[in-house]
Amino acid sequence: MPSLPLVNLFQRDGFCVVEGFLDRNEVADFLKSIERICTGATVEHHDATRLEMEPDQCREGNRVRRIYEPCTHYPAFRALSDSKKLLDSLAQLLGENLLFHYSKINMKPPEVGSVVEWHQDLAYYPLTNTDSLAVLFYLDDADRTNGCLQVIPGVHKNGIVNHSRDGFFRGQITEPVDTSKAIAIEGVAGSAIFLHGMTPHASAPNTSSHARRTLILGYRAADAYPIYAGETTLHAERHVRLVRGERSPLARFGTQAMPIPRFRDVPKSLYELQRRFREEQS
Ligand SMILES: O=C(O)CCC(=O)C(=O)O
């Protein structure tokens, strides 16, 4: 039976995977850039506006957890975010008028790479409609041992589940998550995962001796306008730019109710929000 076109898979499952989206040379070049960006960074001495370090290291520890906004700060990543090949794929999923939203590189270093708890990206930044996605590019081969992405397919049309407790947004789903249908997306370096903003996803800590570096680019339809949720909305909009088509004079409203996250403060990252919640629970 021929497999469904990717756009149908994306609509049905809330994600689709394109193996070999980046070729070996592109992956190697991105890894070299990452090495340059991280060289010399330690817990004690690093630019906290650009890098987040793994916790639980000594002051000289050099394991980076996340690189913030590579597509804003570094030309090689910017070029990918503007590339025709990527935007052509995105146009099939989100339409011809596209906004770039955010970018990050989650480093998941060997042995220590942090957990990412179950969450839906759209819970973080409510929009007037749900045409929003992230593209995750594996820059290393990823499997269960180094914390490949896990998703729950087919539930992205069911709305946003609760990410709050005691009136505050916690950065993760705060009710029991039915993971019986979850799948682990193992894949070779260069694979791209197109992940709908409503698809619940997570990843385990890296227990292997291999890194699992993943470059993540967020996009949305130009008529998906941010719903103001306080200072964090301004924070989330800082890197937004039109990458294809035109800005929309109209905000399109979907049929989904959008919970408004109430943040205690502007969190450093998802990892920190989730850690705080875990600590409060224990
Ligand atoms: O790095 C991962 O495994 C998942 C990342 C993620 O969900 C996020 O950063 O929002």
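The values are calculated or read from the model by the stated rules, or taken from the named source; none is laboratory data. Everything numeric here is computed off the predicted structure, so don't read it as measured data. Note: ideal-geometry Cβ built from the backbone for every residue, glycine included; neighbour counts use all protein chains shown.
Below, the figures for the structure above:
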{"read-out": "Matching entry among Gly147, Gly95, Gly154 (being at positive phi, touching a strand residue (DSSP E or B) at 6+ places or on another chain (Cβ under 7 Å), surrounded by fewer than 21 Cβ atoms within 10 Å (Cβ to Cβ) and small (Gly, Ala, Ser))", "value": "Gly95"}
{"read-out": "Segment 147-174 residues that are within 16 Å of the ligand (Cβ to nearest atom), paired with ones that are in a loop (DSSP other than H, G, I, E, B) and acidic (Asp, Glu) (beta carbon under 7 Å, 6 or more apart)", "value": "Cys148/Glu186; Val161/Glu175"}
{"read-out": "Test for Val115: is it surrounded by fewer than 21 Cβ atoms within 10 Å (Cβ to Cβ), within 15 Å of the ligand (Cβ to nearest atom) and hydrophobic (A, V, I, L, M, F, W, C)", "value": "yes"}
{"read-out": "Hey, Ser132 away from the ligand (no atom under 12 Å from the Cβ) and modelled with pLDDT of 95 or more or not", "value": "yes"}
{"read-out": "Segment 235-274: number of residues that are more than 16 Å from the ligand (Cβ to nearest atom) and within 26 Å of Lys84 (Cβ to Cβ)", "value": "13"}
{"read-out": "Residues of segment 195-234 that turn out to be assigned to a loop (DSSP other than H, G, I, E, B), away from the ligand (no atom under 15 Å from the Cβ), in contact (Cβ under 8 Å) with a residue 24 or more places away in the chain and not β-branched (Val, Ile, Thr), as a count", "value": "7"}
{"read-out": "Which numbered condition Phe253 misses (of (1) closer than 24 Å to Asp166 by Cβ; (2) surrounded by fewer than 19 Cβ atoms within 10 Å (Cβ to Cβ); (3) of a type in the set (Phe, Trp, Tyr))", "value": "(1)"}
{"read-out": "Qualifying position, being out of contact with any Phe, Trp or Tyr (no Cβ under 7 Å at 6 or more places or on another chain) and aliphatic (A, V, I, L, M), among Val243, Val266", "value": "Val266"}
{"read-out": "Subset of segment 14-31 [surrounded by fewer than 20 Cβ atoms within 10 Å (Cβ to Cβ), assigned to a helix (DSSP H, G or I) and in contact with a helix residue (DSSP H, G or I) (Cβ under 9 Å, 6 or more places away or on another chain)]", "value": "Glu26, Asp29"}
{"read-out": "Filter result (among the aromatic types (Phe, Trp, Tyr) and in a strand (DSSP E or B)) within segment 42-74", "value": "Tyr68"}
{"read-out": "Tabulated pairs, segment 123-143, first farther than 17 Å from Lys104 by Cα, second modelled with pLDDT of 95 or more and among the aromatic types (Phe, Trp, Tyr), C-beta under 6 angstrom, 6+ apart or interchain", "value": "Thr128/Tyr225; Thr128/Phe253"}
{"read-out": "Qualifying position, being modelled with pLDDT of 95 or more, surrounded by fewer than 23 Cβ atoms within 10 Å (Cβ to Cβ), out of contact with any strand residue (DSSP E or B) (no Cβ under 7 Å at 6 or more places or on another chain) and aliphatic (A, V, I, L, M), among Ala182, Ala211", "value": "Ala211"}
{"read-out": "Failed criterion for Asp88 (all others in (1) under 28 Å from Pro249 (Cβ atoms); (2) of a type outside the set (Val, Ile, Thr); (3) in contact with an Asp or Glu (Cβ under 9 Å, 6 or more places away or on another chain); (4) more than 11 Å from the ligand (Cβ to nearest atom) hold)", "value": "(3)"}
{"read-out": "Verdict on Gly171 being within 22 Å of Ser103 (Cβ to Cβ), touching an Asp or Glu at 6+ places or on another chain (Cβ under 7 Å) and either of a type outside the set (A, V, I, L, M) or part of a loop (DSSP other than H, G, I, E, B) (or both)", "value": "no"}
